[in-house]
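Each remark here refers to the structure printed beneath this line.
The values are calculated or read from the model by the stated rules, or taken from the named source; none is laboratory data. This structure is a prediction, so every number in the text was calculated from the model and none was measured. All Cβ positions, glycine included, derive from the backbone under ideal geometry; neighbour counts span all protein chains shown. Areas reflect the complete protein model, heavy atoms only, side chains present, ligands, DNA and RNA absent. Shrake-Rupley method; radii C 1.70, N 1.55, O 1.52, S 1.80 Å.
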Amino acid sequence: MNDRIRDVFVVDAVRTPVGKYGGALSAVRPDDLAAHVVGAVVGRSPGLDPARVDDVVLGNANGAGEENRDVARMAVLLAGLPVSVPGVTVNRLCASGLEAVVHAYRAIALGDASVVVAGGVESMSRAPYVLPKPERAFPAAHQEMYSTTLGWRMTNPAMPKRWTMPLGEGAELIADKHGISRERQDAFALASHRKAARAWKEGAYDAEVVPLPDVVLPRDETIRDNTSAEALARLKPAFRKENGTVTAGNSSPLNDGAAALLLCDEEGLRATGREPLARVRASAVTGIEPDLYGLGPVEAVRRVLAKAGRTFADVTHFELNEAYAAQVLGCFAEWPELDPGVVNPRGGAIAIGHPLGCSGARLVGSVAHQLAAAGSGVGLAALCIGVGQGQALVLER
């Protein structure tokens with residue numbers, strides 16, 4: 001019987017460099033990407049017996065290709081961990097990696113586990129095409145094939161059309177709602193690239209990035225050092241041809257990557273012999289109209305701060321997923337108390353990339369490393385989620 005809620009610590013966090021669609025990681029299977037970070041995050045605590053890992057929880061948004069059959073369990077086996085270590089895969093679309101961390105946090109807090117690896121993986125390059133089974137045998141007509149790379153497929157006809165619009169059109173709706181100009185979106189995107197490029201140059205990611213063997217990828221592949229306001233302005237709208245503001249330049253790209261964190265209670269922490277990066281304080285998830293999914297973090301962040309007994313004034317580090325510049329700026333408009341200067345200081349997904357199942361874990365890991373580097377603070381990680389959700393987590397040090 002559990003007599004108390006246990007403290008949960010982030011002991012370590014790692015990730016791969018993020019690859020572009022069809023780029024340097026496209027030849028690497030997603031289960032191998034996952035195995036790499038799972039093995040790395042356990043191996044970086046040599047005092048920890050791998051058999052003490054109670055579970056491995058990974059997020060994955062697709063599940064239709066080589067990551068099928070429970071990619072978390074596949075990662076355990078491929079990483080060479082003891083076969084006694086179990087694994088489970090969870091899916092909350094863009095926040096799947098964060099959902100995995102929340103699963104681990106709850107298990108440890110309740111005493112069901114002491115040591116858990118949590119993270120996420122996605123290979124959008126290797127996402128397969130799928131062919132639904134025909135409703136009757138031996139159809140004579142052509143059959144439709146669907147790409148599972150991103151977005152809606154095989155949509156239920158009972159869903160209202162406005163709920164199943166392209167994700168980029170949802171970003172346009174937020175731009176309309178808050179009067180966010182193309183120029184502001186492009187300026188935000190440019191800043192994301194510049195911050196990410198500077199962070200890599202200054203070694204800010206050295207503590208968390210674990211390159212893959214036999215893959216030449218010295219940093220996140222979609223960072224564009226040479227872009228400019230003029231170059232971004234020349235791009236055509238990607239979703240609305242008439243008066244559109246959302247372009248490929250102010251949106252996150254398609255990507256491949258994986259991330260993993262080692263979470264422990266006090267007993268597990270002693271077994272690692274390490275000082276933790278941060279402590280998990282609270283989590284929250286909320287729903288919103290699916291067409292306004294980009295504003296999903298608004299209420300989730302307010303709710304998680306209330307749970308943690310904190311306010312925006314307390315937040316020192318905030319990693320907010322940049323699905324679209326319009327989406328982030330729309331959230332800012334609804335958080336007038338927030339200082340935007342604490343958000344994504346090392347660049348965001350517009351530059352770094354957004355491998356769906358990986359991103360939430362990447363954000364939490366980045367916040368944890370930033371808190372450790374600062375020595376103290378209150379950190380937030382949050383994402384918008386397709387089909388209308390938002391999720392957020394508070395870390396402290």
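Among the lysines, which fall within straight-line cross-link reach of Lys177, defined as a Cα-Cα distance under 26 Å, with same-chain neighbours fewer than 8 residues apart omitted?
Candidates past the 8-residue exclusion: Lys161, Lys236, Lys241.
Give me the net charge of Arg73's neighbourhood, meaning all other residues with Cβ under 12 Å from the Cβ of Arg73; Lys, Arg count +1, Asp, Glu -1. Please report the intermediate quantities before stating the final value.
Numbers: positive: Arg69; negative: Asp31, Asp55, Glu67, Asp70.
So the surrounding residues net to -3.
Within 11 Å, Cβ to Cβ, of Val130, how many net charges do the neighbouring residues add up to if Lys/Arg are +1 and Asp/Glu are -1? Write down the numbers at each step before the final one.
Details: positive: Lys133, Arg153; negative: Glu144.
Net of charged neighbours comes to +1.
Over the chain, average the accessible area per residue using a 1.4 Å probe and give it in Å², no decimals.
Working: 16350 Å² over 397 residues.
Ligands and nucleic acids excluded, the figure is 41 Å² per residue.
Just order 289-301, 124-136, 219-231 by mean Cβ neighbour count inside 10 Å, highest at the front, would you?
289-301, 219-231, 124-136
Could you give the alpha-carbon Rg of the stretch 212-305 over 2.2 N^0.38 Å, rounded to two decimals?
Values: Rg = 20.4 Å, N = 94, 2.2 N^0.38 = 12.4 Å.
Cα Rg divided by the expected 2.2 N^0.38 Å: 1.65.
In whole Hz, what ³J(HN,Hα) sequence does the stretch 237-254 give by Karplus (6.51, -1.76, 1.60; θ = phi - 60°), x for Gly and Pro?
Once rounded to whole Hz, the list reads x, 8, 10, 9, 6, 9, 6, x, 10, 8, 10, 4, x, 10, 10, 6, x, 8.
With a cut-off of at most 10 other beta carbons within 10 Å, and DSSP calling the residue loop, which GluC sites (Glu not before Pro) in the stretch 309-345 qualify? Please list them.
For GluC sites (Glu not before Pro) across the stretch 309-345 that sit outside H, G, I, E and B with at most 10 neighbouring Cβ atoms in 10 Å, the list reads Glu337.
Rounded to two decimals, what is Rg over Rh for the chain when you use alpha-carbon atoms and the Kirkwood radius?
Working: Rg = 20.3 Å, Rh = 21.0 Å.
Result for the chain is an Rg/Rh of 0.96.
Find how many whole Å separate the alpha carbon centroid of the stretch 152-185 from the alpha carbon centroid of the stretch 21-73.
Cα centres, the stretch 21-73 to the stretch 152-185: 32 Å.
How much accessible surface does Ile5 have with a 1.4 Å probe, in Å² rounded to 10?
The value for Ile5 is about 120 Å².
Using amide H atoms built in the peptide plane, which far-off residues or other-chain residues are under 5 Å from Gly377 H to H?
Excluding prolines and chain starts, which carry no amide H, the hits are Arg397.
Send over the Kirkwood Rh of the stretch 143-194, from the inverse of the averaged 1/r over different Cα pairs, rounded to one decimal Å. Don't jump to the answer; show the numbers that get you there.
Numbers: mean 1/r = 0.0732 Å⁻¹.
After inverting the mean inverse Cα-Cα distance, the result is 13.7 Å.
Determine the sum of side-chain charges near Ser228: Lys and Arg each +1, Asp and Glu each -1, restricted to other residues whose C-beta is under 12 angstrom from that of Ser228.
On the way: positive: Arg194, Arg224, Arg234; negative: Asp186, Asp225, Glu230.
Neighbour charge sum, excluding Ser228 itself: 0.
Please compute P(r) over all alpha-carbon pairs of the stretch 1-73, binned at 5 Å starting from zero, and give each bin as a whole-number percent.
3, 12, 20, 22, 17, 12, 8, 4, 2, 1, 0
How would you order 23-33, 57-67, 152-162, 371-381 from highest to lowest mean count of nearby Cβ atoms within 10 Å?
Values: 23-33: 21.9, 57-67: 25.5, 152-162: 10.3, 371-381: 19.5.
Ranked from most to least packed, the peptides come out as 57-67, 23-33, 371-381, 152-162.
Going by amide H atoms built from the backbone, whose H comes under 5 Å of the H on Gly87, apart from near neighbours?
Those qualifying (amide H under 5 Å, at least 5 residues apart or on another chain) are Val56.
Sorted from largest down, give the three principal axis spans of the alpha carbons of the stretch 103-184, whole angstrom values.
Result, largest extent first: 56, 46, 29 Å.
Quantify, in whole percent, the carbon and sulfur part of the accessible surface of the chain (1.4 Å probe; protein heavy atoms only). All intermediate terms of the calculation are to be shown ahead of the outcome.
On the way: 8610 of 16350 Å².
It is 53 percent, rounded to a whole number.
Can you tell me what share of the DSSP beta bridges in the chain is antiparallel? A percent to the nearest 5 is fine.
75
Order of 202-215, 255-268, 41-54 by packing, highest average Cβ count within 10 Å first?
255-268, 41-54, 202-215
What translational D, rounded to a whole number of µm²/s, comes out for the stretch 50-100 from Stokes-Einstein when the hydrodynamic radius is the Kirkwood one over Cα pairs, at 25 °C and 0.890 mPa s?
Details: Rh = 11.0 Å.
Roughly 222 µm²/s, to the nearest whole number.
What whole-number distance in Å separates the alpha-carbon centres of the stretch 78-105 and the stretch 326-393?
Answer, in whole Å: 20.
Under a straight-distance cross-link criterion of Cα-Cα below 14 Å, which aspartates and glutamates are reachable from Lys133, leaving out those fewer than 8 residues away in the same chain?
Glu144
Rg/Rh for the stretch 157-278 to two decimals, with Rh computed the Kirkwood way over all alpha-carbon pairs. Can you show the working numbers first?
Working: Rg = 20.0 Å, Rh = 18.1 Å.
Result for the stretch 157-278 is an Rg/Rh of 1.11.
In Å, what Rg and Dmax follow from the Cα atoms of the stretch 285-357?
12.3, 32
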